[in-house]
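Everything below concerns the one structure shown next.
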Amino acid sequence: MLLVDDILLAPLSALLWVFKEIRAAGEEELASEPDRIMAALRTLHMQLEAGLIEEAEFDVREGELLDRLDAVNDALGKGEDDDEEDEDDDGDEDEEQPNDDGEPDPGGVKPA
């Protein structure tokens with residue numbers, strides 16, 4: 001019975017293998033994309049310094065490359081984690097709370 005199962009599932013196994021190979025190739029290309037973008041940024045900067053392009057064109061092309069770099073880093077999970085920074089707006093123990101005299105009270109504990 002196992003031989004029949006293998007024969008029946010062979011096309012699906014081959015298709016699964018193809019999809020795994022495509023995914024691996026895509027991940028490899030995505031992983032090397034930041035290096036290509038950084039090389040393009042270096043080339044662009046050298047062109048500006050050599051006077052081959054003007055500042056306005058440099059700004060436009062640099063913005064496009066930096067946007068692409070941000071998108072790739074986000075896709076790879078390497079983006080800057082601005083959302084995870086502690087924003088203590090709720091007055092927890094990390095901030096000094098003023099006491100009744102108006103002076104900061106370390107620890108935020110008010111005397112009884």
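The values are calculated or read from the model by the stated rules, or taken from the named source; none is laboratory data. For clarity, every value in this text was computed on a predicted model and none was experimentally measured. Backbone-built Cβ (ideal geometry, glycine too); neighbour counts: all protein chains shown.
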Consider A75 carefully, then state whether it is modelled with pLDDT under 90 and in a helix (DSSP H, G or I). yes
Can we say L69 is out of contact with any helix residue (DSSP H, G or I) (no Cβ under 7 Å at 6 or more places or on another chain) and modelled with pLDDT under 95? no
Please identify the pairs in which a residue from region 48-72 that is without any contact (Cβ under 8 Å) to a residue 12 or more places away in the chain has its Cβ atom under 9 Å from the Cβ atom of a residue that is exposed (fewer than 13 other Cβ atoms within 10 Å of the Cβ), counting only partners at least 6 apart or on another chain. L48/E54; L48/E55; L52/M46; D70/E80
Check region 85-97 and report whether any residue there is polar (S, T, N, Q) and either part of a loop (DSSP other than H, G, I, E, B) or modelled with pLDDT of 90 or more (or both). no
Can you find, within region 44-59, the residue that is nearest to G26 (Cα to Cα) among those that are surrounded by 12 or more Cβ atoms within 10 Å (Cβ to Cβ) and not acidic (D, E)? L44
